[in-house]
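Please read the structure below before turning to the comments.
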Amino acid sequence: MRRFFRKIFPLLFILIFAAVGYFYQDWFKEQYRHAKGTYYIYKGDQAYAADNMGKTLDYYLAGLDLYPQHYEAWFNLGNIYAVHEDYYSAVDAYEHAIKANPNFVMARMNLGIVYSEDLGFFDDAIEQFDIVPTIKLFKLWIPFVYSNIKSVDTNRGFAFFNKGVAFRQKALYLPLEKQYLAYEYLGEAIKAYTGATKFIKKSYDIYYNRAVAHHLRGEYREAGLDYCKAIDIEPMNFEGHYNLAVLLRGLHRDRESIAELEKAAILISENPSSSTVQTTYIFNLLNEVTRRFITSEEYYTEKLTDEPIGSLNNSYTYVNGKIVADDEFDKAMYNNFKTCAGFSYFNEEDEE
């Protein structure tokens, strides 16, 4: 009997497999197509790593033709198109990724960025950024092992931030007959930036951009305080100092404006990527404000009452015949850049 079953079992197995294959042949064909598509996508990843864009696109498109539900491949393809400024193809790829996986946060984020920053479709961008915080992603926390809580919250914060940028862009690109809407859109941008601060606690970009929105709305106290927060987070970024200086100049706070312009001038001079036009403009503005200040009554009052400034008690070393400040001096310089010249002025207004 055992010998009989040993002989019949392989035959039964073949018959069962053949029956399953016959009745579920479409399923097997689909799995084969998915496997082959995944292989092509893998080859596309290799071609991308080798910086061969021609083969990358060929492999990706061949793979997605066989396996169109591969949302990560659509996402990668969208990123490639976006980098090469083929924005409409990027939009198509991101939309395919979202169709395959509606909860794909990064695809929605990148789609919104392309809509807003590259194509000017601000309402479409805002729609995507509004969806991201509503996606309920699973938060996993294993003590000392793994946690994705921070990344989930960060993505939500970036969605609010990008929404703010889209509203600001929408305000700035209004046609003349609709300029009256700019104040409202900038207000929406401020709300979005404030929403971002609930998820991302310390971000120069969030506070700097919120300051710009307040500045454009004529809300100078709020703008000043936000510029000061941005400077506190990234004191070596010249833009915060420069914009604050422009704000203070407009408020006729020349002494504080000069202090911030001097910092901006130093920082932009040390930045190899800065343009000659930017540098020249900052120095010209510094000269203008300085000339106005030294002819003011405030300047002469200070000259009569200020005490001489004592020398810094710092040590120095020689490197290749040049004097180089020590760490204490570097710290003092860093703290000087971190200090917001107009903070007391804006803070006093806030208390009032």
Checklist line | Whole-Hz couplings from phi, Karplus 6.51/-1.76/1.60, listed for region 105-116; x for Gly and Pro | finding: 4, 5, 5, 5, 5, 5, 4, x, 5, 5, 4, 7
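Only Cα pairs under 8 Å and at least 6 apart count here; give the relative contact order of region 48-205 as a rounded whole percent.
The normalised contact order for region 48-205 reaches 14 percent.
Which order do the peptides 37-47, 235-245 take when ranked by the mean count of other beta-carbon atoms within 10 Å per residue, highest first?
On the way: 37-47: 17.8, 235-245: 23.4.
Output ranking for 37-47, 235-245: 235-245, 37-47.
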Next item on the list: Provide the per-residue ³J(HN,Hα) series for region 51-66, in order, calculated from phi with Karplus coefficients 6.51, -1.76, 1.60 and θ = phi - 60°, each as a whole number of Hz, with x at glycine and proline positions.
Entry: 6, 10, 5, x, 5, 4, 5, 4, 5, 4, 5, 5, x, 6, 5, 8
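Could you compute the net charge surrounding residue 83? Neighbours are other residues with a C-beta less than 13 Å from the C-beta of residue 83; K and R count +1, D and E count -1.
Numbers: positive: none; negative: 51, 85, 86, 118.
Local charge sum for residue 83: -4.
Need the full-extension length gain, residue 334 to residue 284, defined as separation in residues times 0.36 nm minus the C-alpha distance. One decimal, nm. List each step's numbers first, then the result.
On the way: separation 50, 0.36 × 50 = 18.00 nm, distance 2.47 nm.
Gain in length upon complete extension: 15.5 nm.
What FRET efficiency would be calculated for the residue pair residue 33, residue 106, taking the C-beta separation as r and a Förster radius of 30 Å, to the nearest 0.05? Please list the in-between numbers first.
Working: r = 26 Å, r/R0 = 0.86.
Efficiency, rounded to the nearest 0.05: 0.70.
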Note to self: For residue 66, what accessible surface area do you get with a 1.4 Å probe? Give it in Å², rounded to 10.
What the structure shows: 30 Å²
Note to self: Could you derive backbone 3J(HN,Hα) for region 170-175 from the dihedral phi with the Karplus parameters 6.51, -1.76 and 1.60 (θ = phi - 60°), listing whole Hz in sequence and x where the residue is Gly or Pro?
What the structure shows: 4, 5, 7, 9, 5, x
Note to self: For Cα pairs less than 8 Å apart in space and 6+ apart in sequence, what is the mean separation divided by the residue count of region 38-139, i.e. the relative contact order in percent?
What the structure shows: 17 percent
Next item on the list: Return the distance in nm (one decimal) between the two label points of a simple spin-label model at residue 124 and residue 236, each offset 7 Å from Cα along Cα→Cβ.
Entry: 4.0 nm
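Indicate the gyration tensor shape class of region 40-101 (rounded, prolate or oblate), computed on the Cα atoms with a ≥ b ≥ c the square roots of the eigenvalues: a/c under 1.5 is rounded; otherwise a/b larger than b/c is prolate and the rest oblate.
Numbers: a/c = 2.11, a/b = 1.16, b/c = 1.81.
Oblate shape, in that a/c is at least 1.5 and b/c is the bigger or equal ratio.
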Margin query: What does the charge count around residue 97 come to, taking other residues whose C-beta lies under 11 Å from its C-beta (Lys +1, Arg +1, Asp -1, Glu -1)?
Written below: -1
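The values are calculated or read from the model by the stated rules, or taken from the named source; none is laboratory data. Note that the coordinates shown come from a computational prediction; the quantities given were computed from them, not determined experimentally. For neighbour counting, all protein chains shown are included, and Cβ atoms are generated from backbone atoms with ideal geometry for every residue, glycine included. All accessible areas refer to the heavy atoms of the entire protein, side chains included, with ligands and DNA or RNA removed. Shrake-Rupley method; radii C 1.70, N 1.55, O 1.52, S 1.80 Å.
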